[in-house]
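The values are calculated or read from the model by the stated rules, or taken from the named source; none is laboratory data. Remember, it's a predicted structure, so these values are computed and weren't measured experimentally. Heads up, the Cβs are rebuilt from the backbone with ideal geometry, glycines too, and the neighbour counts pull from every protein chain shown. Heavy atoms of the whole protein, side chains included, go into the accessibility calculation; ligands, DNA and RNA do not. Shrake-Rupley method; radii C 1.70, N 1.55, O 1.52, S 1.80 Å.
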Amino acid sequence: MRFWYFWFNSFILSSQYNPPRFVELLMLFLAIAMLATATILPDRPYLILGLSLVVGASISILVREAIAPSPQTRITQVTALLLLIISLYGFADLMHTL
């Protein structure tokens, strides 16, 4: 019981401390869930939703880092740019297969 209380408090504290980063993290977790579901159930809506969540989160990360840089700005920008390129390639591949 104590573990769940600690986890819930950490969850609330992180959402209050840095809301944009929390929303980006939530979007990426949902994208992982949607893309995992798309690999199990080969339905296009899960794939499209997962890729769009990755695009939104990576653009949000790039904008946040441009406005207020963090100590690890370069690695965050490179990772977000890599996620954006991969997801846009996924969209292009999806459009090609339609």
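From the list L94, L83, L88, the one residue that fits, being closer than 15 Å to E24 by Cα and either in a helix (DSSP H, G or I) or in contact with a helix residue (DSSP H, G or I) (Cβ under 7 Å, 6 or more places away or on another chain) (or both), is L83. Among all positions in region 22-36, there is no residue which is open to solvent by less than 80 Å² (accessible area, probe 1.4 Å) and more than 14 Å from the chain's Cα centre (by Cα).
In a residue-by-residue description of region 37-47, the property of being open to solvent by less than 50 Å² (accessible area, probe 1.4 Å) and either over 13 Å from the mean Cα position of the chain (by Cα) or at pLDDT below 95 (or both) applies to at least one position. Of the listed requirements (1) out of contact with any Asp or Glu (no Cβ under 9 Å at 6 or more places or on another chain); (2) surrounded by 12 or more Cβ atoms within 10 Å (Cβ to Cβ), W4 misses just one: (2). Yes or no: N18 modelled with pLDDT under 90 and open to solvent by less than 50 Å² (accessible area, probe 1.4 Å)? The answer is yes for N18.
The set of residues in region 33-73 being in a helix (DSSP H, G or I), free of Cβ contacts under 8 Å to residues at least 24 places away in the same chain and within 17 Å of R21 (Cβ to Cβ) consists of L62, V63, E65, A66, I67, T73. Among the residues of region 71-96, write down those that are surrounded by 14 or more Cβ atoms within 10 Å (Cβ to Cβ) and small (G, A, S). Once the filter is applied, which keeps residues that are surrounded by 14 or more Cβ atoms within 10 Å (Cβ to Cβ) and small (G, A, S), region 71-96 yields A80, S87, G90.
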